[in-house]
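Please treat every number below as a calculation from the coordinates, not as lab data. For clarity, every value in this text was computed on a predicted model and none was experimentally measured. Using ideal geometry, Cβ is built from the backbone for each residue, glycine included, and neighbour counts are taken over all protein chains shown.
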Amino acid sequence: NWPQLWDGHMCVLKEGPLNRTKITENGKRLRKNWTISHVILTELFLLFFKDAKSFVAMKNGSGRPELCVDLNGALVYPADKVSSRKNVYVISTVLGTQVLFQNECNVQAQSWLYAIQAVISNLPCN
Ligand code: I3P
């Protein structure tokens, strides 16, 4: 139950909008479908919500993220040849999920990269 899991256990390290698309699930390639998400970085997860309102709703006891990426053992790096877009990074999880995230502003995109890298390096499986 997401609201319960959230309650008192996780703090928001970074929050804001990013474009994202899942490209692999369980090691299987998916068709790209870029969407804008409201992204929340915690000490354990990168959570993608439909919008900021959905995140507030979850905290108030209803709903959950559209996508939850387990950062323990994950890798994050520039996705240079994976997209025609600029400032694209890939997060690759131990269970074989890969998510691209992107921001038109390279400073913004890079600040997400650094924040996610910092979380990963603090987790046991880094
Ligand atoms: C895809 C769509 C994606 C694009 C992808 C296309 O077409 O245009 O935005 O990824 O390129 O295949 P469709 O909507 O028909 O699925 P990028 O924006 O990241 O380049 P790709 O096939 O080179 O991954």
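Figures for the structure shown
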{"quantity": "Under the Karplus curve 6.51 cos²θ - 1.76 cosθ + 1.60, θ = phi - 60°, whole-Hz ³J(HN,Hα) for the range 53-63, x wherever Gly or Pro sits", "calculated": "4, 5, 5, 4, 4, 4, 5, 8, x, 9, x"}
{"quantity": "Residue-by-residue Karplus 3J(HN,Hα) for the range 110-126, coefficients 6.51, -1.76, 1.60, Hz, glycine and proline x", "calculated": "5, 5, 5, 3, 5, 5, 5, 4, 5, 5, 4, 6, 8, 8, x, 8, 6"}
{"quantity": "Amide H partners (placed H, <5 Å) of I23, local residues excluded", "calculated": "Q98, V99, L100"}
{"quantity": "Residue order, fewest to most beta carbons within 10 Å, for W6, W34", "calculated": "W34, W6"}
{"quantity": "About the Cα centre, charge dipole magnitude for the chain (Lys/Arg +1, Asp/Glu -1 at Cβ), debye", "calculated": "500"}
{"quantity": "Where labels lie 7 Å past Cα in the beta-carbon direction, separation of S121 and R85 in nm", "calculated": "2.6"}
{"quantity": "Three-way shape label, the range 45-100, alpha-carbon gyration tensor, a/c 1.5", "calculated": "oblate"}
{"quantity": "Within the chain, helix-based [θ] at 222 nm, where runs of 4 or more DSSP H residues each add -39,500 (n - 2.57), nearest 500", "calculated": "-6500 deg cm²/dmol"}
{"quantity": "Over the chain, relative contact order from alpha-carbon pairs under 8 Å, at least 6 apart, %", "calculated": "25"}
{"quantity": "Karplus-derived HN-Hα couplings along the range 44-50 (A = 6.51, B = -1.76, C = 1.60, θ = phi - 60°), whole Hz, x at Gly and Pro", "calculated": "10, 10, 10, 10, 10, 9, 4"}
{"quantity": "Separation between Cα centres of the range 77-109 and the range 12-32, rounded to whole Å", "calculated": "8"}
{"quantity": "Quotient of C-alpha Rg and 2.2 N^0.38 Å, computed over the chain", "calculated": "1.00"}
